[in-house]
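Here is the structure we will look at.
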Amino acid sequence: MDLYFSPMACSLATRITFYEADAGANFIQVDTKKKRIADGTDFYQVSPLGQVPVLRTNEGWLLTENTAILPYVADQFPQAQLMPPAGTAERAKVQQWLGFISTELHKAVFVPLLDPGASEDVLNYTRKRVPLRLAVLDAHFAANAFLLERFTVADAYLATVLNWAQYSGVSLAAWPSVDAYYRRIAQRPAVAKALAEEMALYLEEQAREKAAA
């Protein structure tokens, strides 16, 4: 499978999933500012929105959106137990958390906070939405080590999104159970490996942009 990714973007969650499954993939880096793949190809030819992640399956078809890609990848490697079986309450709960992370955190909070073009009014409005959403997580992690009873793709996605807090002016220290969860999850071998690799690629990308400016 091919994963089109941008360093430290939400596509990181799928890299974590592959590593948790001890599975291989072909990682194809995308410059999402220029909408170009590393070989110069127009990324819009792959993704109509010009957004990562995009997964090209072994059958050759393309899949977008974390809420679809993460369960799909997990299902290819059932031995890793990253997604509960279809039709179970546990799977529905994972899908519920994936929806929460995607809509209430990723898009509603961190996208505007990380947007350098966002107005102060937008930023102030978004900051007001943070406490309720992180309070939901804080209450959960006060009694649970993971989003379910074990690590799933929802944790891979949440680790990715919470990593952005430090770059968006959100201090997780105000929600100690969330903070403790993130610090613990970031030390998992697969998560730590993915974070380190993509941070190195991100810094290389930033250096190239600076040199070209």
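List, please: which pairs have Cβ atoms under 8 Å, are six or more places apart or on different chains, and start with a residue in region 21-46 that is of a type in the set (D, E, K, R) and end with one that is modelled with pLDDT of 95 or more and part of a helix (DSSP H, G or I)?
Between residues of region 21-46 that are of a type in the set (D, E, K, R) and residues that are modelled with pLDDT of 95 or more and part of a helix (DSSP H, G or I), the close pairs are Asp22/Ala80; Asp31/Phe43; Lys35/Phe43; Lys35/Tyr44; Arg36/Phe43.
Has region 122-133 got any residue that is within 25 Å of Ala23 (Cβ to Cβ), out of contact with any Asp or Glu (no Cβ under 6 Å at 6 or more places or on another chain) and not assigned by TED's automatic domain parsing to the domain that holds Tyr19?
Scanning region 122-133, I find no residue that is within 25 Å of Ala23 (Cβ to Cβ), out of contact with any Asp or Glu (no Cβ under 6 Å at 6 or more places or on another chain) and not assigned by TED's automatic domain parsing to the domain that holds Tyr19, so the answer is no.
Would you call Val73 in contact (Cβ under 8 Å) with a residue 60 or more places away in the chain and in the same structural domain as Pro131 (by TED's automatic domain parsing)?
So Val73 does not fit the description; no.
Mind telling me which of the residues Arg188, Arg184 ends up being among the basic types (Lys, Arg) and either in contact with a Ser or Thr (Cβ under 7 Å, 6 or more places away or on another chain) or surrounded by 15 or more Cβ atoms within 10 Å (Cβ to Cβ) (or both)?
Arg188
How about region 160-197: which of its residues are assigned to a helix (DSSP H, G or I) and under 20 Å from Asp115 (Cα atoms)?
Of all residues in region 160-197, those assigned to a helix (DSSP H, G or I) come to 160-167, 172-174, 176-185, 189-197.
Answer for region 160-197, where residues must be assigned to a helix (DSSP H, G or I) and under 20 Å from Asp115 (Cα atoms): Thr160, Val161, Leu162, Asn163, Trp164, Ala165, Gln166, Tyr167, Leu172.
Filter region 131-160 down to residues that are aliphatic (A, V, I, L, M) and crowded, with 21+ Cβ neighbours inside 10 Å and give me whichever is farthest from Phe77 (Cα to Cα).
The qualifying residue farthest from Phe77 (Cα to Cα) is Leu134.
Could you grab the pairs with beta carbons closer than 9 Å, sequence gap of 6+ or different chains, first residue in region 118-132 and polar (S, T, N, Q), second one in a helix (DSSP H, G or I) and surrounded by 10 or more Cβ atoms within 10 Å (Cβ to Cβ)?
As it stands, the answer is Thr126/Ala108; Thr126/Val109; Thr126/Phe110; Thr126/Val111; Thr126/Pro112; Thr126/Leu113, since those pairs meet every condition given.
The values are calculated or read from the model by the stated rules, or taken from the named source; none is laboratory data. Everything numeric in this text was worked out from a predicted model, so none of it was measured. Virtual Cβ from ideal backbone geometry, glycine too; neighbours counted across all protein chains shown.
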